[in-house]
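Asks: Quick one: this structure, given as structure tokens, is what I'll be asking you about.
None of the figures in this text is laboratory data; all of them are computed from the coordinates on show. Computed from a prediction, not measured in an experiment: that's the story for all the values here. Cβ atoms come from the backbone with ideal geometry, glycine included; neighbour counts cover every protein chain shown.
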Amino acid sequence: MTARNPYPRGSVVLLAGTKRGLYILSSRDRTSWTCEPAALQGNRVYNAALDQRSGRRIFAADNGDFFGTFLRISDDFGKTWREPERGIQFPEESGDKLKNIWVIEPGRASEPGTVYVGVDPASLWESRDGGETWELNAGLVSHPTRKDWNPGAGGMCLHTIVPDYANPKRMWVGISAAGCYRTEDGGETWTFANKGTRAGFLPDEYPDFGQCLHRMLQHPTNPDVLYQQNHCGVYKSSNGGDEWMDIQHNLPSEFGFPIAIDRQHPDTVFTVVEAEHRHNVGDHFTIYRTRDGGERWEPLTNGLPTGPGVSLGVLRHGMTSDTLDPCGVYVGTNTGQLFASRDAGDSWELVADYLPPIYSVTAAVIE
């Protein structure tokens, strides 16, 4: 996993997965940006991640309509790509077939060879050798409720993976539309973690499972605190997902997909909420920020587009933040714009336009 590094140490690199391939944006100062297509074009890249734990390896989800879905690996910053030695493939006897790869999550810092992937049909895959070989998590795929899981609009997808950095046996996953599941024994068994989250589209609005969780993050210094953006509100848990509290408060809509956190000031959280037809509420594209863990939200609009023709949406992985202070926040839209803030959301600028619809943005500071 070694390659010449084209980006100086301290540079911010963004991986933008789009409807027609992967794009790499980079900046030394978060003021001037370059945007280049990686040599992975044509298919739907729902997610990509730069793993710097044992070198610099990029993983990308290459979801094709005709030739299949593949996990791709690059060790030269996107110039060339290859498949794993043994990829993600369901056993024939299962009757399942890989449809889409939704999320790639490098594991804990203490486990540099571990990487996780979530796919459709909803299942969790794990590699212990840096992504070369993959195994299906049997505990989740055999969960007794799996037969009752229902797909969201994007399919029956496991789209969020949160390995607990403080407890190597604990992890949360988000499934649409089955909700949040948690393991306390390294993935052997899984329990519901949905108490308090609403499913307004079901006869029982507070079921054990069946919620449409959209995105979930862990607090970087208090491992029991989680945030999630849901089909029916924004929620916070202070006890590892045992219970959730609605923190929508003054947000103008309960529906939204993405959520991001300022890892230097983790009571600061960012989200985007949308109107009924899945675009900005009103005429101004707006990002919302709380500085007090969700007690109150403020609209952020400085530098963002406004007008009666502005109709932008942000998908579940379309927002992220970096680890700097003040933090950079990055938002990609489903109409191909990528906005960046280098001052924790106070002001914004357009750093890329005319891209294909953006599915995901991930950020890394080059070490």
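Asks: For every other residue with a beta carbon closer than 14 angstrom to the beta carbon of Glu135, add +1 if it is Lys or Arg and -1 if Asp or Glu, then tell me the sum. Let's see the in-between values first.
Replies: Numbers: positive: Arg86, Arg128; negative: Glu85, Glu126, Asp129, Glu132, Glu188.
That sum, taken over residues with Cβ under 14 Å, equals -3.
Asks: Output the Kirkwood hydrodynamic radius of the stretch 12-365, Cα pairs only, in Å rounded to one decimal. Present the calculation step by step, with values, prior to reporting the outcome.
Replies: Values: mean 1/r = 0.0496 Å⁻¹.
It works out to 20.2 Å.
Asks: Tell me, what HN-Hα J-couplings in whole Hz come from the Karplus equation 6.51 cos²θ - 1.76 cosθ + 1.60 at θ = phi - 60° for each residue of the stretch 255-270, using x for Gly and Pro?
Replies: Computed from phi, the couplings for the stretch 255-270 are 9, x, 10, x, 8, 9, 10, 7, 6, 8, 9, x, 7, 9, 10, 10 Hz.
Asks: Taking a ≥ b ≥ c as the square roots of the eigenvalues of the Cα gyration tensor of the stretch 177-248, is the shape rounded (a/c under 1.5), prolate (a/b larger than b/c) or oblate?
Replies: Numbers: a/c = 2.08, a/b = 1.24, b/c = 1.68.
Verdict is oblate for the stretch 177-248.
Asks: Amide H to amide H under 5 Å from Gly303: which residues, 5+ apart in sequence or cross-chain, H placed 1.01 Å off N in plane?
Replies: Trp348
Asks: If you don't mind, another one. Along the stretch 130-147, what does the Karplus equation 6.51 cos²θ - 1.76 cosθ + 1.60 (θ = phi - 60°) give for ³J(HN,Hα), rounded to whole Hz, x for Gly and Pro?
Replies: Values per residue, Gly and Pro as x: x, x, 7, 9, 10, 10, 7, 6, 6, x, 7, 5, 9, 4, x, 8, 4, 5 Hz.
Asks: Which of Arg86, Arg53, Arg278 moves most in a GNM of the chain, Cα contacts under 10 Å?
Replies: Arg86
Asks: Where the centroid of each part is defined by its Cα atoms, how far is the stretch 63-83 from the stretch 192-225 in Å?
Replies: 32
Asks: What does the charge count near Ala199 come to, summing +1 for each Lys or Arg and -1 for each Asp or Glu among other residues with Cβ under 14 Å from its Cβ? Let's see the in-between values first.
Replies: Numbers: positive: Lys195, Arg198; negative: Asp148, Asp204, Glu205, Asp208, Asp246, Glu254.
After counting each charged neighbour, the total is -4.
Asks: Further question: Could you go through the stretch 339-352 in sequence order and give the Karplus-derived ³J(HN,Hα) for each residue, using 6.51 cos²θ - 1.76 cosθ + 1.60 with θ = phi - 60°, rounded to whole Hz, and x for Gly and Pro?
Replies: 9, 9, 10, 9, 10, 6, x, 5, 9, 9, 9, 7, 10, 7
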